[in-house]
Amino acid sequence: MNNEQVQAIKNNPKYQKLVSTRGKFAWTLTIIMLVVYYAFILLIAFSPETLGAKISPDSMTTVGIPVGIAIIVFAFILTGIYTRRANNEFDGLLNDLKNDLNNDTKKGMN
């Protein structure tokens, strides 16, 4: 791939939309996960008794265990959300871009 082809790809509006949309979505999910994770860390730092409390008087399990598991599950859910959108929307945009580039290449050969 030569420099001219790279510039053609970068200047394509579909490529710019793909990069912009994917980047914004990825950063949004990243920020959500960081907020959840750091909220958990702050809760540990400033209110350890909250997470150290027993779920019920008879239980040996503390509140912190299900909260920690919920954070891990939440991370998997966010990963699933990203994967689903990548497979449905981003792959479609990428295929449109590839088709445009293939058509441009064929036009250049004629």
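The values are calculated or read from the model by the stated rules, or taken from the named source; none is laboratory data. Small disclaimer: the values here were computed from a predicted structure and weren't measured. Glycine gets a Cβ as well: all are built from the backbone with ideal geometry, and neighbour counts include every protein chain shown.
Is at least one residue of segment 33-44 at pLDDT 95 or above, under 30 Å from LEU94 (Cα atoms) and not in a loop (DSSP other than H, G, I, E, B)?
yes
Pick from segment 53-98 the residues that are among the charged types (D, E, K, R) and surrounded by 10 or more Cβ atoms within 10 Å (Cβ to Cβ): which of them is farthest from VAL6 (Cα to Cα)?
Of the residues in segment 53-98, the ones among the charged types (D, E, K, R) are 54, 58, 84-85, 89, 91, 96, 98.
So of that shortlist, the ones also surrounded by 10 or more Cβ atoms within 10 Å (Cβ to Cβ) come out as 54, 84-85, 89, 91, 96, 98.
Details: LYS54: 59, ARG84: 28, ARG85: 26, GLU89: 23, ASP91: 19, ASP96: 16, LYS98: 13 Å.
Here the answer is LYS54.
Report yes if PHE40 is surrounded by 12 or more Cβ atoms within 10 Å (Cβ to Cβ) and either polar (S, T, N, Q) or touching a residue at least 40 places away in the same chain (Cβ under 8 Å) (or both), otherwise no.
Details: surrounded by 12 or more Cβ atoms within 10 Å (Cβ to Cβ): yes; either polar (S, T, N, Q) or touching a residue at least 40 places away in the same chain (Cβ under 8 Å) (or both): no.
So PHE40 fails the test.
Kindly establish whether LYS24 is part of a helix (DSSP H, G or I), in contact with an Asp or Glu (Cβ under 8 Å, 6 or more places away or on another chain) and of a type in the set (Lys, Arg). Break it down into steps so the answer makes sense when it comes.
On the way: part of a helix (DSSP H, G or I): yes; in contact with an Asp or Glu (Cβ under 8 Å, 6 or more places away or on another chain): no; of a type in the set (Lys, Arg): yes.
Here the answer is no, as LYS24 does not meet what is asked.
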